[in-house]
Amino acid sequence: MLIQANTNLEYICHNKNNFEILKSKTGKYTLKQNGKFIHSKYDPEKQASKTADIPNPDNTSFIFILGLGLAYHINAAINKMG
């Protein structure tokens, strides 16, 4: 599914940054920019769970997240914080 340029946000994503939102092999959406996948094309949630590493979640009060993508890493971090 290529983003259609019918809103300002979609126009910016497609025409300025060349983003595509596609379905992964698991059916979850994944993001591609300039031909390169930002998330896993197979299982973006599993990838996020592996990369959202919080070594000691019981003693962690704050987490600092860079980048947004489709926010799979944010959900994974929240889940690990318990």
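Can you give me the long-range amide H partners of F37? Hydrogens built in the peptide plane at 1.01 Å from N, cutoff under 5 Å, separation of 5 or more residues or another chain.
Here nothing satisfies the definition.
How large, in percent, is the carbon and sulfur part of the accessible surface of region 25-82 at a probe radius of 1.4 Å? Let's see the in-between values first.
Details: 2250 of 4330 Å².
Carbon-and-sulfur percentage of accessible area, whole number: 52.
Mind checking which lysines have their Cα closer than 19 Å to the Cα of K32? Skip sequence neighbours fewer than 8 apart in that chain.
K16, K23, K41, K46
Between T51 and K36, what is 0.36 nm times their sequence separation minus the Cα-Cα distance? Round to one decimal in nm. All intermediate terms of the calculation are to be shown ahead of the outcome.
Values: separation 15, 0.36 × 15 = 5.40 nm, distance 1.80 nm.
Gain in length upon complete extension: 3.6 nm.
Could you rank the peptides 49-55, 59-65, 28-34, 39-45 by their average count of other C-beta atoms within 10 Å per residue, with the highest value first? Before the final figure, lay out each step's value.
Working: 49-55: 13.0, 59-65: 8.1, 28-34: 15.7, 39-45: 18.1.
Packing order, densest peptide first, comes out as 39-45, 28-34, 49-55, 59-65.
The values are calculated or read from the model by the stated rules, or taken from the named source; none is laboratory data. This structure is a prediction, so every number in the text was calculated from the model and none was measured. Cβ sites come from the backbone with ideal geometry, for glycine too, and all protein chains shown count toward neighbours. Please note that ligands, DNA and RNA were not included when accessible areas were found on the heavy atoms of the full protein model with its side chains. Shrake-Rupley method; radii C 1.70, N 1.55, O 1.52, S 1.80 Å.
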